[in-house]
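**Student:** Have a look at this one.
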Amino acid sequence: MTRKTNTMLIGLLGTILMGLATWTLVTLIELQLLVTMIQQDLFSIDKQFGRVYSFIDSVRGN
């Protein structure tokens, strides 16, 4: 292998690794966003259950 071939292979390998690192970072950010959205939805559902139980308690108390 010549020096020119080695240089091209190193450039190609660097490009592939940079693309893989970028794809991994984007995927992790998307997953973090999805987890945050799901947590907010679950918190909202929890608040709704709390309101229902509070209403039931207020109706039973009378």
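**Student:** Would you calculate, for the chain, the mean residue ellipticity at 222 nm contributed by helices, counting each DSSP H stretch of 4 or more residues as -39,500 (n - 2.57) and dividing by all residues, to the nearest 500?
**Tutor:** The per-residue figure over the chain is -36000 deg cm²/dmol.
**Student:** Between residue 40 and residue 10, 0.36 nm times their residue separation minus their Cα-Cα distance comes to what?
**Tutor:** Full extension of this stretch gives 6.3 nm more.
**Student:** Could I ask something else about it? If you fit an axis through the alpha-carbon atoms of helix 3-61 and take the longest principal axis of the Cα set of the chain, what angle between them do you get, 0 to 90°, nearest 10?
**Tutor:** 0 degrees
**Student:** Here is a further query. What label, among (1) 93, 17, 8; (2) 90, 10, 5; (3) 81, 24, 12, belongs to Cα extents along the principal axes in Å computed from the structure on display?
**Tutor:** So the calculated entry is the one marked (2).
**Student:** Just want the answer: with Cβ charges of +1 for Lys and Arg and -1 for Asp and Glu, which residue in 10, 29, 54 is farthest toward the dipole's positive end in the chain?
**Tutor:** Positive-most Cα among the choices belongs to 10.
**Student:** Whenever you get a sec, compute what percent of the accessible area on the chain sits on carbon and sulfur atoms (1.4 Å probe).
**Tutor:** Carbon and sulfur atoms account for 70 percent of the accessible area of the chain.
**Student:** Additional query: So, in Å, what gap is there between the alpha-carbon centers of the stretch 1-19 and the stretch 36-62?
**Tutor:** 58 Å
The values are calculated or read from the model by the stated rules, or taken from the named source; none is laboratory data. Computed from a predicted model, the values in this text were never measured in an experiment. Here the Cβ is made from the backbone with ideal geometry for all residues, glycine too, and neighbour counts use every protein chain on show. Ligands, DNA and RNA are excluded from the accessible area calculation, which covers all protein heavy atoms including side chains. Shrake-Rupley method; radii C 1.70, N 1.55, O 1.52, S 1.80 Å.
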